[in-house]
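Below is one structure, written out as C-alpha cells; the observations come after it.
The values are calculated or read from the model by the stated rules, or taken from the named source; none is laboratory data. Given the structure is predicted, the values throughout are model-derived calculations rather than measurements. Don't worry about glycine lacking a Cβ; one is built from the backbone with ideal geometry, like all the others, and counts go over all protein chains shown.
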Amino acid sequence: MFEGWYFKLQKDDNLIAFIPGRCRDNAFIQVVTCDKSYNFNYPLSEYRKREIINVGNNKFSMDGMKVNIGNLIKANIKYNNITPIKYDIMGPFKYLPMQCRHSVISMRHDLTGSVTVDGRTIDLTGGIGYIEADSGNSFPKSYLWL
C-alpha cells in the first residue's frame, strides 16, 4: 500500500514540488526543484494523516505547509482560494478495482510565504499552487489517458 500527495508551488520561473507520503516500509518527503531533487525517509511511525498530513515534524494541509528539514529545506506557505474540481477525476473508473486511485484536490490556489532550499530563499507570495493525491497497491508502469 502507498499514498502520497503532490503539492506544486510556482511563481514566475520558480517551481518547487513537495511530495509527502508513505509506502509499505517507511514515510517520506520528496522535494523537487528545477535544479535538483531530494528524498528524505522517515520511520513509518512518524507518518500521520487526518486533516493534516504529518511526516516527522513537517505539516501539509489544505491551508498550507510548514516544513523544516534540517538546515536544507524550510517552507512556510499559506494557501488561499483553494479551487477543487466539481467531480471525481477518476470518472466511472472510481467504481472499478484498480491498482491506483488518483484525485485532484485543488486545480489552483494562491500562495503566501517562502521556501528556502539549500540556502536559497524563494518568495512565493503571489504565486499559484496545485494539489493532487494518489493511493493504492502499486503505481502503474504506464497510463492510458482517456
(request) Would you check which residues across segment 27-37 are exposed (fewer than 15 other Cβ atoms within 10 Å of the Cβ) and either under 13 Å from the mean Cα position of the chain (by Cα) or without any contact (Cβ under 8 Å) to a residue 40 or more places away in the chain (or both) and list them? (result) 34, 35, 37
(message) Go through (1) in contact with a Pro (Cβ under 9 Å, 6 or more places away or on another chain); (2) touching a residue at least 12 places away in the same chain (Cβ under 8 Å) for residue 54 and report which single condition fails.
(response) (2)
(message) Return the residues of segment 1-14 that are within 14 Å of the chain's Cα centre (by Cα) and either at positive phi or at pLDDT 95 or above (or both); say none if nothing qualifies.
(response) 7, 8, 9, 10
(message) Let me spell it out: the conditions are (1) in a strand (DSSP E or B); (2) modelled with pLDDT of 95 or more, and residue 125 meets all of them except one. Which number is the exception?
(response) (1)
(request) Go through segment 48-75 and give me each residue that's over 14 Å from the mean Cα position of the chain (by Cα) and surrounded by 15 or more Cβ atoms within 10 Å (Cβ to Cβ). (result) 56, 68, 69, 73, 74
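Let's see how each residue does on (1) in contact with a helix residue (DSSP H, G or I) (Cβ under 8 Å, 6 or more places away or on another chain); (2) of a type outside the set (Asp, Glu); (3) at pLDDT below 95; (4) not in a loop (DSSP other than H, G, I, E, B):
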{"position": "67", "(1), (2), (3), (4)": "no, yes, no, yes"}
{"position": "74", "(1), (2), (3), (4)": "no, yes, no, yes"}
{"position": "77", "(1), (2), (3), (4)": "no, yes, no, yes"}
{"position": "87", "(1), (2), (3), (4)": "no, yes, yes, no"}
{"position": "101", "(1), (2), (3), (4)": "yes, yes, yes, yes"}
{"position": "104", "(1), (2), (3), (4)": "no, yes, yes, yes"}
{"position": "109", "(1), (2), (3), (4)": "no, yes, no, yes"}
{"position": "135", "(1), (2), (3), (4)": "no, yes, yes, yes"}
(request) Identify all residues within segment 1-45 that are assigned to a loop (DSSP other than H, G, I, E, B) and closer than 20 Å to residue 110 by Cα; write none if there are none. (result) 12, 13
(message) Can you confirm whether residue 63 is closer than 21 Å to residue 107 by Cβ and touching a residue at least 12 places away in the same chain (Cβ under 8 Å)?
(response) yes
(request) Select from segment 46-65 the residues that are touching a strand residue (DSSP E or B) at 6+ places or on another chain (Cβ under 8 Å) and not in a strand (DSSP E or B) and list them in ascending order. (result) 46, 52, 56, 57, 61, 62, 63
